[in-house]
Each structure stands twice: as structure tokens, then as C-alpha cells.
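This report concerns only the one structure given below.
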Amino acid sequence: MGGKPLSTSSTRWARPALSRPGGSVSGRWWGRAVAVAALIVTTSACGSLDERRDDVTAEVTGFEQALGAEQFARVCAALAPETLEELEQSARSSCEEAIGEEDLTEAGAVRRVDVYGDQARVVLDQDTLFLSHFPTGWKVTAAGCTPREGRPYQCELKGG
């Protein structure tokens with residue numbers, strides 16, 4: 001497979017050495033180094049799982065507080081772009097007007113936070129919210145969601 005024979009009598013092939021300035025690096029060591037570097041970049045860019053859970057919890061708490069205080073501008077600012085657009089198009093009004101007409105109320109305390117990469121699900125006492133991570137932070141993609149046996153959640157507010 002593209003390598004040099006270990007000896008003329010051997011049927012095994014040697015893995016070609018990767019060269020770099022100042023010497024060579026074996027393929028096995030180089031592969032591990034690349035894997036470790038990728039892991040460091042990935043985890044440092046996204047933060048630890050606990051940090052992401054904390055960020056999601058803070059966003060949901062702010063969303064719920066704004067909803068309870070009827071601070072609809074703050075609620076709208078917490079929505080993902082597609083969710084905001086879907087709400088305004090279906091209501092044929094601004095987000096601030098439309099959100100007041102939705103059947104969303106404060107949902108109580110956070111009971112569970114599940115983070116999967118750039119997606120999160122937050123289960124509250126009386127609601128389930130879904131969030132996505134954007135360059136500007138975590139945004140609510142769906143709210144007013146109730147589970148349905150063997151089917152996707154039914155959500156009052158969701159993006160297209």
C-alpha cells in the first residue's frame with residue numbers, strides 16, 4: 001500500500017514516515033497528535049459541557065423572567081431568527097405584539113438541561129424549550145412544547 005518493504009524476504013509493508021522540518025514523525029504519533037489537537041480546539045471553542053449547560057440555563061431563565069414580566073422585547077430578542085420570522089409571519093404583526101397573543105406563560109423551575117453540540121432541550125416544571133447556539137449566543141427555537149407519545153413535541157412557538 002504505497003510503503004517500502006521492510007526487507008526483500010518480508011511480505012509486510014512499512015508505513016511511510018511523515019517528514020517535517022528537523023526529522024520525521026511516525027504516522028501513529030502524528031495521528032494521535034492531530035486527534036489531541038482537534039479535541040483541544042473543539043472543546044475550547046465550545047466550552048465545557050457544564051459551561052454550555054450553565055449558558056443555556058441562564059438564557060432560559062432570562063426568557064422565562066421576561067415572559068412573566070411581559071417584557072416582550074426581551075422575549076423576542078431571545079428567539080432564534082427563524083422562530084422570530086415564523087411568529088411574525090403567522091401573526092402578521094411584530095414579534096412584540098404577536099408574543100403577547102401566544103399561549104405562553106412562565107413555566108416554573110428548570111428541571112433538566114440536555115445539551116447536544118449546538119442544540120439544547122430544557123425541561124421546566126410546565127414546559128419544554130429547545131435552543132440552538134448562534135454566534136451571538138443561545139437562542140430559543142421552540143417554546144410551549146409538550147411531549148407526545150412516540151411523536152415529536154407539539155410546540156406553540158417554533159421556527160420554520
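Tabulated data
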{"item": "Members of segment 70-79 that are over 10 Å from A143 (Cβ atoms) and either surrounded by 14 or more Cβ atoms within 10 Å (Cβ to Cβ) or within 18 Å of the chain's Cα centre (by Cα) (or both)", "result": "Q71, F72, R74, C76, A77"}
{"item": "Single match in E82, E88 (criterion: of a type outside the set (S, T, Y) and more than 12 Å from A142 (Cα to Cα))", "result": "E88"}
{"item": "Within segment 103-157, tally of residues that are in contact (Cβ under 8 Å) with a residue 12 or more places away in the chain and touching a strand residue (DSSP E or B) at 6+ places or on another chain (Cβ under 7 Å)", "result": "35"}
{"item": "Condition check for T105: hydroxyl-bearing (S, T, Y) and surrounded by 15 or more Cβ atoms within 10 Å (Cβ to Cβ)", "result": "no"}
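Okay, residues lined up against (1) in contact with a Ser or Thr (Cβ under 8 Å, 6 or more places away or on another chain); (2) modelled with pLDDT under 95; (3) surrounded by fewer than 19 Cβ atoms within 10 Å (Cβ to Cβ):
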site	(1), (2), (3)
T43	no, yes, yes
A58	no, no, yes
V115	no, no, no
A120	yes, no, no
L129	no, no, no
H133	no, no, no
W138	yes, no, no
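The values are calculated or read from the model by the stated rules, or taken from the named source; none is laboratory data. What you see is a predicted model; the values in this text were computed from it and never measured. Methodologically, a virtual Cβ is constructed for each residue, glycine included, from the backbone with ideal geometry; neighbour enumeration extends over all protein chains shown.
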